[in-house]
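Working notes, structure below.
The values are calculated or read from the model by the stated rules, or taken from the named source; none is laboratory data. The structure displayed is predicted, hence computed values, not measured ones. Glycine gets a Cβ as well: all are built from the backbone with ideal geometry, and neighbour counts include every protein chain shown. Remember, those area values only see protein heavy atoms, side chains included, never the ligands or the DNA or RNA. Shrake-Rupley method; radii C 1.70, N 1.55, O 1.52, S 1.80 Å.
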Amino acid sequence: MEEKKLHMKKAIELAFSNVSENKGGPFGAVVVKDGKIIGEGANMVTNTNDPTAHAEIVAIREAASNLGSFELSGCEIYTSCEPCPMCLGAIYWARLDKLYYAATKDDAAKADFDDSFIYKEFSLSKDQRSTPSLQLMRDEAVKVFEAWNENGNKIPY
């Protein structure tokens, strides 16, 4: 079997295993560098009571830990399903080179994992979103960015 299909097969197997062991949602992911899996994850949201513990996030965290780096350029991620907005953001922040996915967000929606409301919220102005977004203490917060810019020891990312 072609290498890419083997990695996707592993992501799908992680999703199946997660379902059969009742550990969380039906999602799996692996991060690959130079043909080798360096991070893997399954959805652990309900098992850990962590709403951010999606398969992609778990796999990215493990890969970053294994590499000792917050930047995963040179790596690819294989997911059993098209990533949600949070996971897609994490994939970009991690600077992964490529994303492969199996099922689509529409397939996930049929199993009651529907992210369409989040995409819809993104298109609305802040005052129209279902979760109020109110700004407080901007002047104090901007000082943190000024301190960051003046810090000669910062690690840019």
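Computed over neighbours whose Cβ is under 14 Å from that of residue 115, the net charge equals -4, Lys and Arg +1, Asp and Glu -1. Highest GNM mean-square fluctuation among 58, 32, 144, for the chain modelled with Cα contacts below 10 Å: 144. Think of a 1.4 Å ball rolled over the protein heavy atoms: the chain then has 67 Å² of accessible area per residue. Pairwise Cα distances in segment 92-143 exceed 14 Å for 72 percent of all pairs. A DSSP coil position with no more than 13 other Cβ atoms inside 10 Å describes the following GluC sites (Glu not before Pro) in segment 9-92: 21, 71.
Extension gain for residue 145-residue 88 works out to 18.0 nm (0.36 nm per residue, less the C-alpha to C-alpha distance). Take every pair of alpha-carbon atoms less than 8 Å apart whose residues are at least six positions apart; their mean separation over the length of segment 74-157 yields a relative contact order of 23 percent.
For segment 7-47 versus segment 110-131, the spacing of their alpha-carbon centroids is 26 Å.
Charge tally around residue 2: other residues with Cβ under 14 Å, Lys/Arg +1 each, Asp/Glu -1 each, net +2. Please figure out what share of the DSSP beta bridges in segment 1-131 is antiparallel and state it in percent, rounded to the nearest 5. Once the DSSP bridges in segment 1-131 are tallied, antiparallel ones form about 70 percent. Distances between placed amide hydrogens fall under 5 Å for residue 75 paired with 97, all partners being 5 or more residues away or on another chain. With the simple spin-label model, which puts each label point 7 Å out from Cα in the Cβ direction, the residue 3 to residue 124 separation comes to 4.6 nm.
Remark: relative contact order (the chain) = 16 percent; criterion is Cα-Cα distance under 8 angstrom and separation of 6 or more residues. Taking each DSSP H run with n ≥ 4 as -39500 (n - 2.57) and averaging over every residue of the chain yields -13500 deg cm²/dmol at 222 nm. Of the trypsin sites (Lys or Arg not before Pro) found in segment 80-147, those in coil by DSSP whose Cβ has at most 16 other Cβ atoms within 10 Å are 95, 129.
Extension gain, residue 116 to residue 48, is 22.0 nm, computed as 0.36 nm per intervening residue step minus the present C-alpha separation.
Summary value for segment 9-64: 30 percent relative contact order, contacts being C-alpha pairs under 8 angstrom separated by 6+ residues. Count Lys and Arg as plus one, Asp and Glu as minus one, and take only other residues whose Cβ is under 15 Å from that of residue 130; the net charge is then -1.
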